[in-house]
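The values are calculated or read from the model by the stated rules, or taken from the named source; none is laboratory data. Keep in mind that what you see is a predicted model, and the values were worked out from it rather than measured. All Cβ positions, even for glycine, are placed from backbone atoms using ideal geometry, and neighbour counts span all protein chains on display. Each accessible area value is taken on the protein alone, full model and side chains, heavy atoms only, with ligands, DNA and RNA left out. Shrake-Rupley method; radii C 1.70, N 1.55, O 1.52, S 1.80 Å.
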Amino acid sequence: MKFRLKRLPRKQRVRPLSRVHIKIRNGQLEIMGMGAWYSYWRDPYHLLLTLPWSGFLVLICIFYVTINAVFALAYWVGGDCIANARPGSFLDAFFFSVQTLASIGYGAMYPKTTYANIIVTIEAMIGVMGIAMLTGLAFARFSRPTARVIFSRVALITVYEGMPTLTFRTANQRRNMILEAQMRVYLMRDEVTAEGQFMRRIYDLKLLRNQTPSFSLSWSVMHVIDQSSPLYGMTPESLIQTNTMLIASVSGIDETVAQVLHARHSYGADEILWNKRFVDIMHQTPDGHRYVDYQHFHEVLPLD
C-alpha cells in the first residue's frame with residue numbers, strides 16, 4: 001500500500017508557536033515572550049472590545065486621522081483636481097477628505113476631474129463601511145455585560161467553629177441583584193509527582209456555601225481546612241515555596257439586563273494572612289435596622 005502526502009492549503013498550515021516564558025511571582029503567573037501567536041494585533045476585534053474606553057477613543061482618532069491623511073495625499077498627488085481648493089495645499093485636501101468620508105458635503109469644495117471622482121467614490125465606500133463598523137463596535141462594547149464585584153484585598157486562614165478555615169470577602173457594588181450566583185475557588189501550586197515530573201496542579205476547594213439565590217450585598221466565602229483539603233498541613237513558608245495561588249470565580253445573572261456575568265480574582269501566597277479575622281461590617285441601628293459599612297471591607301484584626 002502506498003501513501004501520498006497531501007500538502008495543506010496555505011490557510012490551513014499551522015505556524016509554529018513562539019517560545020513562551022512563564023514567570024511565577026508571589027503565586028501570580030506572568031507570561032512573557034508570547035510572540036505572534038498571542039499578539040493582540042492578530043485579533044483586532046478582541047483588542048477593540050477589551051481596550052479601556054480611553055484607549056479605544058485614542059485608537060479610533062489615530063485611525064481617522066490616518067485614513068484622511070492617506071486620501072488627502074491621493075488628492076494632492078492628483079494635482080489641481082478639487083474645485084475651490086488652493087493649488088498644492090495638502091491642508092485643503094485633508095479637510096476635503098474629512099467632508100467626503102463623513103458625507104458632509106458643504107459644496108464649497110468638490111471634485112472637478114475624473115481622477116478626483118474615482119478617489120471620492122472609493123473614499124465614500126470606505127466611509128460607509130467605517131461608520132457601520134464603528135457603530136457595531138460601540139454597541140458591542142456598551143452591550144457587553146460587566147460585573148462590578150469587589151473582592152477583599154487579602155484572604156485569611158482563621159478559625160471558624162473550631163476549625164481552621166480559609167475565608168475571603170466579596171461584594172456586589174451595584175444596587176441590583178446577581179441572581180443564582182455561584183462561587184468557585186481553585187488552588188494552584190507547584191508539585192513534583194512520584195516519577196519526579198514537575199507540574200502545576202489545580203485543586204477545587206470545597207466551600208461551605210458555593211451558591212446563593214441572590215447576591216446583593218456581601219458574601220463571606222469559606223473553605224474548611226480538614227484532612228481532605230489541599231491546604232491541610234500547609235504553612236506560610238510552604239505556600240511561598242510551592243508558589244501557591246488562589247483563584248476565585250463568581251458568575252450569575254444580572255437581574256437588570258438578564259445576562260450572565262463573570263468576575264474573578266486571585267490571591268498570591270503573600271496575600272493569604274494567617275491568624276487574622278475580618279473587621280465586622282454588619283451593624284445595627286438603635287431602631288433595629290441592619291446596614292453594611294463597606295469602609296472596613298478590607299480591614300483585618302488579629303485573632304483574640
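Grab the beta carbon distance between Phe90 and Ala132, set R0 = 22 Å, and tell me the FRET efficiency rounded to 0.05. List each step's numbers first, then the result.
Working: r = 29 Å, r/R0 = 1.30.
About 0.15, to the nearest 0.05.
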Carbon + sulfur, % of accessible area of the stretch 51-143 - ligands and nucleic acids excluded, 1.4 Å: 78
In the stretch 192-272, the GluC sites (Glu not before Pro) that fall in loop regions by DSSP, at most 11 other Cβ within 10 Å: Glu195
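Quote the relative contact order of the chain in percent (integer), defining contacts as alpha-carbon pairs under 8 Å separated by 6+ residues. Could you put the intermediate results ahead of the total?
Details: 472 pairs, mean separation 46.3, N = 304.
Reported as a whole number, the value is 15 percent.
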Amide H contacts of Glu299 (H built 1.01 Å from N, under 5 Å, at least 5 apart or other chain): Val279
Sites Leu51 and Glu161 - FRET efficiency at Förster radius 41 Å, r taken between beta-carbons, to 0.05: 0.30
For the stretch 225-304: rounded, prolate or oblate by the Cα gyration tensor [a/c cutoff 1.5]: oblate
Accessible heavy-atom area order of Thr121, Thr167, highest first, probe of 1.4 Å: Thr121, Thr167
The stretch 149-302 - percent of accessible surface contributed by carbon and sulfur, probe 1.4 Å: 51
Cβ crowding within 10 Å averaged over residues, with 216-229, 77-90 ranked highest first: 216-229, 77-90
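For n ≥ 4 DSSP H runs only, could you compute -39500 (n - 2.57) per run for the chain, divide by its residues and tell me the 222 nm figure to the nearest 500? Show your work: numbers first, answer last.
Numbers: 5 runs with 80 residues, N = 304.
Mean residue ellipticity at 222 nm (helix-derived): -8500 deg cm²/dmol.
If each residue of separation counts as 0.36 nm, what is the full-extension length gain between Arg201 and Ile253 once their alpha-carbon separation is subtracted? Don't skip to the end; give the middle numbers.
On the way: separation 52, 0.36 × 52 = 18.72 nm, distance 3.02 nm.
Once the chain is fully extended between Arg201 and Ile253, it gains 15.7 nm.
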Residues whose placed amide H lies under 5 Å from that of Met222, excluding near-sequence neighbours: Leu208, Arg209
Geometric extent, Cα atoms of the stretch 66-151 - Rg, Dmax (angstrom): 17.7, 64
For the stretch 145-154, Karplus couplings with θ = phi - 60° (6.51, -1.76, 1.60), whole Hz, Gly/Pro x: x, 10, 9, 9, 10, 9, 10, 4, 5, 10
Residue-span extension gain [Val65 to Gln295] - 0.36 nm each, minus C-alpha spacing: 78.3 nm
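Any idea of the accessible area per residue across the chain, 1.4 Å probe, to the nearest Å²? Before the final figure, lay out each step's value.
Details: 20320 Å² over 304 residues.
Normalised by residue count, the accessible surface of the chain is 67 Å².
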Whole-Hz couplings from phi, Karplus 6.51/-1.76/1.60, listed for the stretch 237-243; x for Gly and Pro: 5, 5, 5, 6, 5, 9, 6
Kirkwood estimate for the chain, i.e. one over the average of 1/r between Cα atoms, Å: 25.2
The stretch 149-302: translational diffusion in µm²/s, Stokes-Einstein, Kirkwood Rh over Cα pairs, 20 °C, 1.002 mPa s: 127
Net charge over other residues, Cβ less than 13 angstrom from the Cβ of Ala171 (K, R count +1; D, E count -1): +4
Relative contact order (percent, whole number), the stretch 149-302, Cα cutoff 8 Å, 6+ residue spacing: 27
Segment Leu273-Ser238, extension gain: residue separation times 0.36 nm, minus the distance between their alpha carbons: 11.3 nm
